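What follows is a short report on a single structure.
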Amino acid sequence: MGSPADETGRSENETQHRVTLTKGFWLAKTETTQGQWERLMGGNPSEFKGAELPVETVSWDDAQEYLVKMNSQDSLPSGWKWVLPSEAQWEYACRAGTETTYAGDLDEMAWYEENSGSKTNPVGMKKANAWGLYDMHGNVCEWSMDYKGEYESGFATDPTG
């Protein structure tokens, strides 16, 4: 988790360290779309409108309310529930087994300032990472259960912010 000190675009609080995750987790293949959000929440807070666009301008508390409704209406196997991933789970899923700056070629995998047209774009249109997850880089920022803060140095097991 984290990044080497010489990585382009690295923040000072991203001390690279080894992490072990001891519990399995699932992650959606794409960001939550506005269509999904609107069906469950009854409204759409997004600035850029479109059913297949990622929902944006959503607070962490809004995301928690969405997950409460997901858990009441979309049952999962016993012992599982809809939650945001931890920062460590998100980074693990994003990197998909790679140790490079991005989990592949950024232009092929991400919408960002230089190629997005200064707007969000439909989810799942760029190349997925090695684990079949789309839009892990760019398009919109993702929430995690914990905050992104100063990373621990050394080894960590199931870290939380």
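The values are calculated or read from the model by the stated rules, or taken from the named source; none is laboratory data. Computed from a prediction, not measured in an experiment: that's the story for all the values here. Here Cβ is always computed from backbone atoms with ideal geometry, including for glycine, and neighbour counts include all displayed protein chains. These area figures cover heavy atoms from the full protein model, side chains too; ligands, DNA and RNA do not enter into them. Shrake-Rupley method; radii C 1.70, N 1.55, O 1.52, S 1.80 Å.
When S116 is tested against (1) outside any loop (DSSP other than H, G, I, E, B); (2) of a type in the set (S, T, Y); (3) more than 21 Å from Q16 (Cα to Cα), exactly one condition is not met: (1).
Pairing residues of the stretch 90-101 that are open to solvent by less than 70 Å² (accessible area, probe 1.4 Å) with residues that are not in a loop (DSSP other than H, G, I, E, B), at Cβ distances under 8 Å and at least 6 apart in sequence or on separate chains, gives T101/S3. Contact map, the stretch 53-72: first residue within 18 Å of N139 (Cβ to Cβ) and open to solvent by 60 Å² or more (accessible area, probe 1.4 Å), second residue among the hydroxyl-bearing types (S, T, Y) and in a loop (DSSP other than H, G, I, E, B), Cβ cut-off under 7 Å, separation 6 or more or different chains; pairs are T57/S46. The set of residues from the stretch 23-52 being open to solvent by 80 Å² or more (accessible area, probe 1.4 Å) and either at pLDDT 95 or above or closer than 22 Å to T100 by Cβ (or both) comprises K29, E38, R39, E47, K49, E52. Summed over the stretch 79-89, residues that are over 15 Å from R18 (Cα atoms), touching a Ser or Thr at 6+ places or on another chain (Cβ under 8 Å) and either open to solvent by 30 Å² or more (accessible area, probe 1.4 Å) or hydroxyl-bearing (S, T, Y) (or both) total 1.
Would you mind telling me which numbered condition in (1) in contact with a helix residue (DSSP H, G or I) (Cβ under 8 Å, 6 or more places away or on another chain); (2) in a loop (DSSP other than H, G, I, E, B); (3) among the charged types (D, E, K, R); (4) at pLDDT 95 or above E142 fails? The number of the failed condition is (4).
Considering each of L133, L76 in turn, give the residue that is out of contact with any Pro (no Cβ under 8 Å at 6 or more places or on another chain) and either free of Cβ contacts under 8 Å to residues at least 24 places away in the same chain or exposed (fewer than 15 other Cβ atoms within 10 Å of the Cβ) (or both). Spell out how you get there, then give the answer.
Working: L133 fails: either free of Cβ contacts under 8 Å to residues at least 24 places away in the same chain or exposed (fewer than 15 other Cβ atoms within 10 Å of the Cβ) (or both).
Within the list L133, L76, the selection yields L76.
Yes or no: E7 open to solvent by 90 Å² or more (accessible area, probe 1.4 Å), charged (D, E, K, R), within 20 Å of G138 (Cβ to Cβ) and over 15 Å from the mean Cα position of the chain (by Cα)? Judged against the criteria, E7 is not a match.
Could you check N44 against (1) touching a residue at least 12 places away in the same chain (Cβ under 8 Å); (2) touching a helix residue (DSSP H, G or I) at 6+ places or on another chain (Cβ under 8 Å) and say which number it fails? Every listed condition holds for N44 apart from (1).
Considering (1) in contact with a Gly (Cβ under 9 Å, 6 or more places away or on another chain); (2) over 28 Å from R10 (Cβ atoms), the lone condition that S116 does not fulfil carries the number (2).
Name the residues in the stretch 102-113 that are in a loop (DSSP other than H, G, I, E, B) and open to solvent by less than 80 Å² (accessible area, probe 1.4 Å), would you? Residues satisfying the conditions are A103, G104, D105, A110, Y112. Number of residues in the stretch 1-35 that are of a type in the set (A, V, I, L, M), within 24 Å of S153 (Cα to Cα) and touching a residue at least 40 places away in the same chain (Cβ under 8 Å) equals 3.
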